[in-house]
Amino acid sequence: MGEARRRRKAIEEGPCPCGSGKASNTCCYQDRLWHKPPASLGLRALPAKTEVARCYLRELGSCDGGISAEHLISRGVVQELTKGGEFSVSGLPWLDDGETRILSPEGITANCLCRQHNSALSPLDSAAKQFFSSLSVSFDETTTQIRSIVSGHDLERWLLKTLRAFAVSGNLGMGRQRLHGQLSIEAALVEMLDDPLSWPDGAGLYCTMRPGDLATKRPRFRLQPLTNDCGEVAAIAVEMMGLTFVLRLEPPENIRPEEAMYRPSELVIHHPTAVHFCLLSWDRGVRIGGAITMHYAGPAPAGA
């Protein structure tokens, strides 16, 4: 058996980098290609029940179990960011200028989903946790090559879910000004959460990191709303573990290709003795970009 074949066999029979615990060849590695299908949420297939007034998916008529405390930032993501340490928040409209407050993960929740819909959206929380965990390991492990994979569609929908929770709970603001929470895609919200292929071409995730940029580990999640001329939230600028992105809810009118990469296929982080690959998987038929290669510059100074 040649060396190339041995390496391929090791990949096929090794654990899938999506974190499922399955062998790669029974999971995301088929016909020598990596692909992580987006989660099927089945929001429109849920049986009819009732409407809970404070659930933002009540229009489906499938609310059940009463209202639940939705984590504005998924609990699993908070765990990855803090690693058991303190969780601090700042920049929220109910905080004073420059104020930082220490909270428990339960301290930043909102009653904005019923239990049925909260549970239906949980696969997106799992995808986000996998993404943050993969980035954290990619920054910390400096000698062994690491490969991870997450559905880019699930990451987009998790960001949309997170934005919606911040908006309807009154936690979205620009400076001290609280935004009214109206998204520019209100009529399409349910469809965009349920069907990743319903997103218009040009809407979705853009990576604003540039090839060759230095990547610095910052264990934090930042979200900044961007509004249109009508005051509706049309996009968000996001920082995840020190890497920067923009999620656009609608296709941008003017964006130059050199400013950001639409739906990158891979984030590559170079260490002096190892290279780490974080694959973002997209379904066939959608327009995507290429790989963005960065060089690790170490952890950010405390407080930076």
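The values are calculated or read from the model by the stated rules, or taken from the named source; none is laboratory data. Please read all numbers here as calculations on a predicted model, not as lab measurements. Glycine also receives a Cβ, built like all others from the backbone with ideal geometry; neighbour counts cover every protein chain displayed.
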**Message:** For segment 71-80, which positions are surrounded by fewer than 16 Cβ atoms within 10 Å (Cβ to Cβ) and more than 14 Å from LEU124 (Cβ to Cβ)?
**Reply:** GLN79
**Request:** Looking at (1) over 25 Å from LEU121 (Cα atoms); (2) free of Cβ contacts under 8 Å to residues at least 60 places away in the same chain; (3) surrounded by 15 or more Cβ atoms within 10 Å (Cβ to Cβ), find the lone condition where CYS230 falls short.
**Result:** (3)
**For GLY289: the one exception among (1) farther than 19 Å from PHE131 by Cβ; (2) not in a strand (DSSP E or B); (3) not aromatic (Phe, Trp, Tyr)** = (1)
**Request:** Kindly provide the set of residues from segment 33-57 that are surrounded by 14 or more Cβ atoms within 10 Å (Cβ to Cβ) and of a type in the set (Ser, Thr, Tyr), ordered by number.
**Result:** TYR56
**Prompt:** Is there any pair with a first residue in segment 206-224 that is under 23 Å from ALA167 (Cα atoms) and a second that is acidic (Asp, Glu) and part of a strand (DSSP E or B) whose Cβ atoms are under 8 Å apart and which are 6 or more apart or on different chains, and what are they?
**Reply:** ARG220/GLU239; PHE221/GLU239; ARG222/GLU239
**Request:** Out of the residues in segment 245-261 that are over 19 Å from GLY181 (Cβ atoms) and touching an Asp or Glu at 6+ places or on another chain (Cβ under 9 Å), state the one that is surrounded by the fewest Cβ atoms within 10 Å (Cβ to Cβ).
**Result:** PRO251
**Request:** Kindly provide the set of residues from segment 58-70 that are buried (at least 21 other Cβ atoms within 10 Å of the Cβ) and in contact with a strand residue (DSSP E or B) (Cβ under 7 Å, 6 or more places away or on another chain), ordered by number.
**Result:** CYS63, GLU70
**In segment 120-133, the residues that are within 22 Å of LEU60 (Cα to Cα) and in a helix (DSSP H, G or I)** = ALA120, SER122, PRO123, LEU124, ASP125
**Prompt:** Out of all the residues in segment 168-221, which are among the hydrophobic types (A, V, I, L, M, F, W, C), modelled with pLDDT under 90 and assigned to a loop (DSSP other than H, G, I, E, B)?
**Reply:** LEU172, LEU179
**Condition check for HIS117: under 12 Å from the mean Cα position of the chain (by Cα), buried (at least 24 other Cβ atoms within 10 Å of the Cβ) and not in a strand (DSSP E or B)** = no
**Fill in**
Condition set assigned to a strand (DSSP E or B) and in contact with a Cys (Cβ under 9 Å, 6 or more places away or on another chain), scope segment 263-278, selection nearest to PRO200 (Cα to Cα): answer is GLU266
**Complete:** Residue hits (segment 1-21; in a loop (DSSP other than H, G, I, E, B), loosely packed, with under 13 Cβ neighbours inside 10 Å and either under 26 Å from the mean Cα position of the chain (by Cα) or touching a residue at least 12 places away in the same chain (Cβ under 8 Å) (or both)) are GLY21
**Item:** Which listed residue, of ILE255, ILE236, ILE269, is modelled with pLDDT under 95, under 15 Å from the mean Cα position of the chain (by Cα) and of a type outside the set (Gly, Ala, Ser)
**Value:** ILE236
**Complete:** Out of (1) exposed (fewer than 15 other Cβ atoms within 10 Å of the Cβ); (2) of a type in the set (Asp, Glu); (3) at pLDDT 95 or above, the one ASP154 does not meet is (1)
